[in-house]
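Everything on this sheet refers to the single structure shown next.
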Amino acid sequence: MLSSLYKTRTFVLTTLICLLSIGMGSAIVHAEETPASYNYSYWGDAVASPAAYRATALLNGDSLGVGPFKEPNDIHVTADKQIYVLDSGNNRIVVMDASFKPVRIIDSFDSKGEPDKFMSPQGLFVTEDKHIYVADTGNKRVVHLDSNGTLVKVIENPESELFQEKFQFQPARVVVDKAQRIYVMAVGIFDGFMEFNANGEFSTFIGANRVRVDPIELLWKRLSTRAQRSQMATFTPTEFTNLDINDEGFIYTTNGDRYGDTIKKLNAQGNDILRRTGYFNPRGDLVMSSEERTRLIDIDVADSEIYSVLDSRRGRIFTYNGDGHFMYVFGGLGNRLGEFNTPSAIERVGDQFLVLDKGLGEITLFETTEYGRTLNEAVRSYYRGDEEAAFALFQKSINMNANLEFAYAGIGKALLRQGEYAEAMKYFKQSKDQLNYSKAFLLYRKEVLREYFPAIMTGIVLIVLGTIIFRKLRQWKGGRKRAAIEQ
């Protein structure tokens, strides 16, 4: 009996492993067949697309005249296009203008009358008034400098009942909103981002990820003994991998969740309000093996709710519009211009892209192609409410890339705003946008009823009156006939 049970259990486990292996194998084949530049169709197939960006320059510390970069971890661009590079291995910040000419280097600051230095800093943020916030990871603190590089304050060893007994403050990324609230992503923190007030005092945690359960791990736990389960890792919320903040104060985040939403948009209460109305939820590549599954490590928010994310495992940058539609992808791992060794951060300078390579200590500059410029402007025009420009630009995008299915939805939305409901329905049908098709259909039906309502009601009234008159005439004639017969 025990032998039979053992054989059955072995057969079930072997079958599951085989099925998983087949699934992983098919994912690898799918990934290898993916073109360099692509979109995903409504059915989840990678279809070829024109390149939206092309690499035009490669910058390093030597070419910039500031000495070699060593494991640079972060990069930030201000509104006036000054570029701040966090050269972590050299414990310094290199500041450049929009032409990539060095402006200054911050490698030390005065603290209580003595020189102080960074130690393996991991994150950097610069406010509108050029105040600099550094996640000084090695020193377990956040350093706040003013526009002149003078120390304003240091945040270290925050105290709260919310922290565990052995808590160590190791900030890795930092952003600041217009109210000077400071949001810190710290190593080993699963409760969300740490929020500090303008004085550097800890307030609360916001935006914690939900606990996600790996079905395979859960299956093994069910089949394991109590002693084996005690040695297995417990299910904990997923850590964030990076964050960015837009002009409205919304925090965009990435995390390493394999099964849930890897990109989020958090409001002031920490609630996720990211719109996901595209064909698939924004998360990078759709089909990957477990070893090559997309791992998002940085996010950059542009104007008009356009945002881009960096996949460290495949070196690709994915861009989405505010509704969650996949716009374009570029980059990759390799040795050619436009490919990376260990990409660590992305940032925009206008419509240009800067990609920081931690392994090679280089910055790759990407510029838009005509296709990329057209698509960017189409999304911006729609966001601004300029329906005529959006219609023309989305139409131009489709002429350059017939596989861009979401552009048909963009045209439909522009027509919907213009009141062209019947025409909008055609484009929504072509883009398989059922929700907006239904909306356009309801509005079109109301429009038709409104247009023909007077004629319809007039006809109904005439029919009713005619029926009444006809009945009265019949009754009158019938009465006369009966009167004549009686006489």
Residues that are outside any strand (DSSP E or B) and among the small types (Gly, Ala, Ser), drawn from segment 314-334: Gly315, Gly322, Gly324, Gly332, Gly334
Residue in segment 85-92 that is among the basic types (Lys, Arg), closer than 19 Å to Leu360 by Cα and surrounded by fewer than 19 Cβ atoms within 10 Å (Cβ to Cβ) present: no
Search result, residues across segment 121-154 that are surrounded by fewer than 14 Cβ atoms within 10 Å (Cβ to Cβ) and within 28 Å of the chain's Cα centre (by Cα): Glu128, Asp129
Strands (runs of 3 or more DSSP E) fully within segment 100-193 counting 1 or more residues that are small (Gly, Ala, Ser): 109-111, 123-126, 132-136, 171-176, 182-186
Whichever residue in segment 347-356 is touching a residue at least 60 places away in the same chain (Cβ under 8 Å) and buried (at least 20 other Cβ atoms within 10 Å of the Cβ) and, among such residues, is nearest to the chain's Cα centre (by Cα): Glu347
Residues of segment 66-80 classified as open to solvent by 40 Å² or more (accessible area, probe 1.4 Å) and modelled with pLDDT of 95 or more, total: 3
Per-region count, segment 251-272, residues open to solvent by less than 70 Å² (accessible area, probe 1.4 Å) and in a loop (DSSP other than H, G, I, E, B): 7
Qualifying residue in segment 330-341 (condition: farther than 16 Å from Ile245 by Cα, among the polar types (S, T, N, Q) and surrounded by fewer than 17 Cβ atoms within 10 Å (Cβ to Cβ)): yes
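Can you confirm whether segment 376-394 contains a residue that is within 22 Å of Pro50 (Cα to Cα), in a loop (DSSP other than H, G, I, E, B) and open to solvent by less than 10 Å² (accessible area, probe 1.4 Å)?
no
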Residue, surrounded by the most Cβ atoms within 10 Å (Cβ to Cβ), within segment 405-440, restricted to residues that are over 17 Å from Gly322 (Cβ atoms) and of a type in the set (A, V, I, L, M, F, W, C): Ala424
Failed item in (1) buried (at least 19 other Cβ atoms within 10 Å of the Cβ); (2) at pLDDT 90 or above; (3) not small (Gly, Ala, Ser), with Met288 passing the rest: (2)
Of all residues making up segment 355-375, the number that are in a helix (DSSP H, G or I) and touching a helix residue (DSSP H, G or I) at 6+ places or on another chain (Cβ under 7 Å): 3
Selection count, segment 71-85, where residues are touching a Lys or Arg at 6+ places or on another chain (Cβ under 8 Å) and either in a strand (DSSP E or B) or of a type in the set (Ser, Thr, Tyr) (or both): 3
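The values are calculated or read from the model by the stated rules, or taken from the named source; none is laboratory data. All of these numbers come straight from a predicted model, not from anything done at the bench. As a convention, Cβ positions derive from the backbone with ideal geometry for all residues, glycine included, and neighbour counts pool all protein chains shown. Protein only, heavy atoms only, side chains kept; ligands, DNA and RNA dropped before computing areas. Shrake-Rupley method; radii C 1.70, N 1.55, O 1.52, S 1.80 Å.
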